[in-house]
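Colleague: Dropping the structure in here first, questions after.
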Amino acid sequence: MIKVNDNFRQLPSIYLFTKISRRLAEYRENPDSIPLIRMDIGDISGPLPESASEAMHKAVDDLSGSKDFKGYGPEQGYAFLRDVIAEKDYKERGIDIKPSEIFVSDGAKCDLGNLGDILSKDLVIAVMNPAYPAYIDDNVIDGRAGILEGDIYSEIIYLPCKADNSFYPELPEKHADIIYLCSPNNPTGSTMVKSELEKWVKYAQKEGSLIIFDSAYESYIRDESLPRSIYEIPGSREVAIEVRSFSKTGGFTGVRCGYTVVPGTLKGVYANGEEVKLNSLWSRRQTTKFNGASYVSQRGAEALYSQKGREEVKKMTDRYLANAAMLREFFHKAGWKVCGGENSPYVWAGSPRGMKSTEIFEMLLTKCGVSTTPGSGFGSEGEGFIRLTGFNTAENTMEAIRRMEKILQSEK
Ligand SMILES: *Cc1c(COP(=O)(O)O)cnc(C)c1O
């Protein structure tokens, strides 16, 4: 039989999240259950912005005629999209990013995993605790995580994010080569202020580290003083890669389109001491293993930058933000520890009585018919918290709050 990648053995075989979805299925099958309201949705509830939908219909028409037919596109993405990204996401905000530094893809999750291809396998990685699970799992598959002991990997540096510090990650005491930062954060909803990001850029400069900055939720930022891009920080062009997605911005979770910025000024070194641009390596990697995002998706993404598209994106994200704000307000009033719900569609809530994540999950499910995500599934520091999202409708969010009101009163 064929030998397989042994690193897969180090992945947790049964996710807390798998158990949770089984529990929800069981709940739904029970005829005595209160109808379920999902406050755990990590996906946009649709529909697509009209501007994107129209542009994609038009793109299909292009492909259906011989005049405007498109076959393989450029691996790095069509210039029409890279140009508008450079202009609207960066230049308009005073940030220096060129179209040649932008790589369009079929989503942020793939890029986050694929970036491991251009980096040495023996690097030490640091991740926020709690964090989006892909950062760790990608590195487990690549062999950078070490051995799983309980729920801790021997070679990973965990950066605790605690309530008393706005859930910002703490600088590590040891040297980290790759640092994953996500802001606005999934799951905590915390958004890093400029001085926090500056601290990390300085650390990376001093240590010769690489920051991988995930800003999948930048379009939820309303406070203009908060950085939307790591490239707002001086010196970051030499130390950071930025990963972005149209999924949570334009409701593209099913369409699939995102992009990664690898500045031309970011350098790495081969084992023999020879220097190389990460931009060249990533380009080599993408041209070898990727044939570009679909023409249709890229036309859809381009439309999100039109006047109409921008208004629609604002309207959609405003709607999710309003739901998240209601949840934030509710938990705050109930005396819970709470983060997010501002500049983020996520709300992170912790019981004042020290209940465990799965206990809160079970209480809200059985007593209120409200599903949430146990915080402990995102890392040990997530214990005692649950994650809720603004992605359901306003009506359902209000109904969930009504149901939770009585229960939380008695829990207080
Ligand atoms: C949803 C999400 C992504 C990725 O999304 P794609 O749909 O693959 O573009 C990346 N990072 C975080 C933190 C997310 O929540």
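The values are calculated or read from the model by the stated rules, or taken from the named source; none is laboratory data. Every value quoted in this text rests on a predicted model; they were computed, and no experiment measured them. Note: ideal-geometry Cβ built from the backbone for every residue, glycine included; neighbour counts use all protein chains shown. Ligands, DNA and RNA are excluded from the accessible area calculation, which covers all protein heavy atoms including side chains. Shrake-Rupley method; radii C 1.70, N 1.55, O 1.52, S 1.80 Å.
Colleague: If I stretch the segment between Lys277 and Thr265 completely, what's the gain in nm (0.36 nm per residue apart, minus their alpha carbon distance), one decimal?
Modeller: Length difference between fully extended and current span is 3.6 nm.
Colleague: Here is a further query. May I ask which of Lys202/Lys248; Lys174/Lys206; Lys58/Lys308; Lys248/Lys308 have a Cα-Cα span longer than 19 Å here?
Modeller: Beyond 19 Å: Lys202/Lys248.
Colleague: Using only Cα atoms, figure out Rg for region 43-192 and give it as a multiple of 2.2 N^0.38 Å.
Modeller: Normalised Rg, Cα atoms only: 1.34.
Colleague: Additional query: Output needed: percent of Cα pairs per 5 Å distance bin for region 283-346, bins running from 0 to the one holding the longest distance.
Modeller: For region 283-346, the binned pair fractions read 4, 15, 14, 12, 12, 11, 11, 10, 7, 4, 1 percent.
Colleague: Share of the chain's accessible area from carbon and sulfur, percent, 1.4 Å?
Modeller: C and S fraction of accessible area: 52 percent.
Colleague: Under a 5 Å amide H to amide H cut-off, with H placed in plane at 1.01 Å, what residues pair with Glu155 once short-range neighbours are removed?
Modeller: Answer set, sorted by chain and number: Gly146, Ile147.
Colleague: Further question on the same structure: Taking N as the number of residues in region 1-83, what is its Cα Rg relative to 2.2 N^0.38 Å?
Modeller: 1.91
Colleague: Give me D for region 185-230 in µm² s⁻¹, whole number, from Stokes-Einstein with Rh from the Kirkwood sum over alpha-carbon pairs, 20 °C and 1.002 mPa s.
Modeller: It comes out at roughly 186 µm²/s.
Colleague: Continuing with the same structure: How big is the Cα convex hull of the chain in projection, averaged over all directions, in nm²?
Modeller: Hull-based average projected area comes out at 22.7 nm².
Colleague: Also, I was wondering about something else. Just to check I understand the Karplus step: with θ = phi - 60° and J = 6.51 cos²θ - 1.76 cosθ + 1.60, what whole-Hz values come out for region 361-369, glycine and proline as x?
Modeller: For region 361-369, the Karplus curve yields 3, 5, 5, 5, 5, 6, 8, 10, x Hz.
Colleague: At q = 0.17, 0.22 Å⁻¹, what is the log10 ratio I(q)/I(0) for region 193-280, with the Debye formula run over Cα points and no solvent?
Modeller: Result of the Debye calculation: -0.77, -1.07.
Colleague: How high is the relative contact order of the chain, in percent, counting Cα pairs under 8 Å that sit 6 or more residues apart?
Modeller: Across the chain, relative contact order equals 22 percent.
Colleague: Determine the per residue accessible area of the chain with all protein chains present and a 1.4 angstrom probe, expressed in square angstrom.
Modeller: Here the per-residue accessible area is 45 Å².
Colleague: How large is Rg over Rh for region 100-184, taking Rg from the Cα atoms and Rh as the Kirkwood inverse mean of 1/r across Cα pairs?
Modeller: Using only Cα positions, Rg/Rh for region 100-184 is 0.98.
Colleague: Take the chain, mark every one of the GluC sites (Glu not before Pro) that falls in a DSSP loop and has at most 12 other Cβ within 10 Å, then report the longest stretch left between them, sites excluded.
Modeller: Excluding the exposed sites themselves, the longest stretch runs over 1-172.
Colleague: Please report how far the C-alpha centroid of region 246-286 lies from that of region 18-43, rounded to the nearest whole angstrom.
Modeller: 38
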